[in-house]
1. Filter the cross-link list K156/K304; K146/K179; K179/K312; K156/K312; K224/K264 down to pairs whose alpha-carbon distance in this structure exceeds 22 Å.
2. Less than 9 Å Cβ to Cβ from G147, Lys/Arg counted +1 and Asp/Glu -1: what total charge do the surrounding residues give?
3. In whole Å, largest first, what are the principal axis extents of the Cα atoms in segment 144-315?
4. Suppose all protein chains stay in the model; what accessible area per residue would a 1.4 Å probe give for segment 173-272, in Å²?
5. Using amide H atoms built in the peptide plane, which far-off residues or other-chain residues are under 5 Å from R295 H to H?
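The values are calculated or read from the model by the stated rules, or taken from the named source; none is laboratory data. The structure presented is a predicted model; accordingly, all values stated were derived computationally and were not measured. Glycine also receives a Cβ, built like all others from the backbone with ideal geometry; neighbour counts cover every protein chain displayed. Side chains are part of the model used for accessible areas, which takes the heavy atoms of the whole protein and leaves out ligands, DNA and RNA. Shrake-Rupley method; radii C 1.70, N 1.55, O 1.52, S 1.80 Å.
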Amino acid sequence: MATLVSKRKPTTPKKTEDSKILYIPLTISLFFVLYLLFSSSIIICSRKVKGSSSVLNKDGEMDSQKNDTLTGETAGDKVSSEVAKRYGVNHKSSKNESEEEQYKYIKPKSKGEEYALKAVIKYLHVQRSWISTRAKSKKSRSCEGKGVYVYDLPSKFNRDLLVDCVDMVPWTNMCKFFKNEGFGEAIKNLGHGWFRTHQYALEPILHSRFLKHPCRVYKESQAKIFYVPFYGGFDVLRWHFKNVSDDVKDRLGIEVLKWLRSKKSWNSNAGKDHVFVLGKISWDFRRSKLPWGSRFLELQEMQKPTKLLIEKHPWE
């Protein structure tokens, strides 16, 4: 049987040809826009700076240079006096610290890095000196009407929770973070007052500070606020990675509120003048559908006291 085959060549749709025609001006326009962007960037990077600019010399001092060309390679090396004023860094290096101490940990590779390092060093010295400044202000500060009362809770609500620090978190030995009143191990090569502090260590740190507070009082009648040293964050943390029931997770929080209800100081203002410090995020105390954390902050008695946490709940 013979088969008829058509010899006509297949025709290309007209739309395809039209689209090709449209692509050409679009491509040209795109290249033109890119050309403008790159050319403007080059102009900005290569423009000359009018007036004078300040530069750190090898002695760490600021020298003045006029009409220097600021290119991409040298932009990081030159620093204006306006920037120095903005960050509060003196043009001259401190006479009290040697070059060896300044660059003990980081070796600057350029003048820009050297300037940044000087700014950081100055900031660190300010942070290190705040304790001495605070100590001076304590002498003139009055505690009248500012009494702080610290409850003497049973140790099961705070100190006993730190005993199992080895097994508290599967991959971390937490014991080293409980040294130095919760600040952790000292970092000796950074000088006095620097510690390896864990992000969850807020509770023992604040507890030790409240105990030493200059306005601490020992009579409830003299108190303006009442601090409850309940380590709720560590209570939650110890159950995070263990298969226990919700009743076990909530037990200690319910018990501490039961203990407070027996106190006249709590009942007089329904806990409004009481402060809780919790060293974890708010979500860990608002258990809902997922079996994670406790419901401590959802309890009715916890709605009026002040709660200090490391991260707040955005809608609470």
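1. From K156/K304; K146/K179; K179/K312; K156/K312; K224/K264, over 22 Å: K156/K304; K146/K179; K179/K312; K156/K312.
2. Net of charged neighbours comes to +3.
3. Each principal axis gives a Cα extent; for segment 144-315 these are 45, 45, 31 Å.
4. 56
5. HN-HN under 5 Å from R295: R287.
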